[in-house]
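One structure below.
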Amino acid sequence: MEASVAARSLIRVAAISGSLRKASYNRGLIRSAIEISKATVEGVQIDYVDISPLPLLNTDLERDGTFPPAVEAFRQKILEADSILFASPEYNYSIAAPLKNAIDWASRPPNVWADKAAAIVSAGGGFGGGRSQYHLRQVGVFLDLHFINKPEFFLNAFQPPAKFDSDGNLIDEQSKQRLKEVLLALQSMTLRLQRK
């Protein structure tokens, strides 16, 4: 039954990387998620949303109930999405500044994150960005985001065998399978929320 519902409902996922670097492993996870969704996850359309044009949060930039054009465009993309896929690097045990800036702009009244399903993936050294995920989950409570709890996806990018090529593209098949499982869980959570 769930598979037939998924086949009839297109879920639009806004994918956001907290890293602005083109060859970042976290952007590579998003590129891979887009490829996986097109090839093997029917009913899911993932669109990368670039946060690099956003100015630093400054409420003086809000004029007469409007935001700067780049912020308005970003907020509209989040509003139109059914769910969110975050790829969050870990900086100083937390989320990256560009991601926090994007979160804050989209949470300005009215909060466009509210009541959406979300998933987090991360790649890095050591714990693979895990601490950033836990911090992002804390922030998500205020945003009224509904994160999938399982599967979790933390990837130690530096542990053999190689996980990424020199351009930051995910090449590890086991990691691709784990990423697919995250996408399927996000799809399922999104459909459950839509049926409420």
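The values are calculated or read from the model by the stated rules, or taken from the named source; none is laboratory data. The structure displayed is predicted, hence computed values, not measured ones. A quick note on method: Cβ atoms are made from the backbone with ideal geometry, for glycine too, and the neighbour counts reach across all protein chains shown. Just so you know, the surface numbers come from the protein's heavy atoms only, side chains and all, with ligands and any DNA or RNA stripped out. Shrake-Rupley method; radii C 1.70, N 1.55, O 1.52, S 1.80 Å.
The set of residues in the stretch 59-71 being among the acidic types (Asp, Glu) and surrounded by fewer than 12 Cβ atoms within 10 Å (Cβ to Cβ) consists of Asp60, Asp64.
Among the residues of the stretch 86-93, is any over 24 Å from Ala157 (Cα atoms) and touching a helix residue (DSSP H, G or I) at 6+ places or on another chain (Cβ under 8 Å)? The answer is no, given that none of the residues of the stretch 86-93 is over 24 Å from Ala157 (Cα atoms) and touching a helix residue (DSSP H, G or I) at 6+ places or on another chain (Cβ under 8 Å).
In the stretch 35-58, what count of residues is obtained for those that are of a type outside the set (Phe, Trp, Tyr), open to solvent by 30 Å² or more (accessible area, probe 1.4 Å) and not in a loop (DSSP other than H, G, I, E, B)?
Within the stretch 35-58, the subset of a type outside the set (Phe, Trp, Tyr) is 35-47, 49-58.
If we keep only those that are open to solvent by 30 Å² or more (accessible area, probe 1.4 Å) as well, we get 35, 38-40, 42, 45, 47, 50, 52-53, 55-58.
Checking which are not in a loop (DSSP other than H, G, I, E, B) leaves us with 35, 38-40, 45, 47.
Total meeting the criteria: 6.
If you go through the stretch 14-34 and keep only what is open to solvent by 30 Å² or more (accessible area, probe 1.4 Å), under 15 Å from Ala96 (Cβ atoms) and in contact with a Phe, Trp or Tyr (Cβ under 9 Å, 6 or more places away or on another chain), you end up with Tyr25, Arg27. Within the stretch 63-87, residues that are under 19 Å from Ala97 (Cα atoms) have Cβ atoms under 6 Å from residues that are among the polar types (S, T, N, Q) in these pairs: Ala87/Ser17; Ala87/Asn26, counting only partners at least 6 apart in sequence or on another chain. I'd like to check something: does the stretch 121-139 contain any residue that is closer than 25 Å to Leu61 by Cβ and among the aromatic types (Phe, Trp, Tyr)? Looking for residues that are closer than 25 Å to Leu61 by Cβ and among the aromatic types (Phe, Trp, Tyr), one finds none in the stretch 121-139, hence no.
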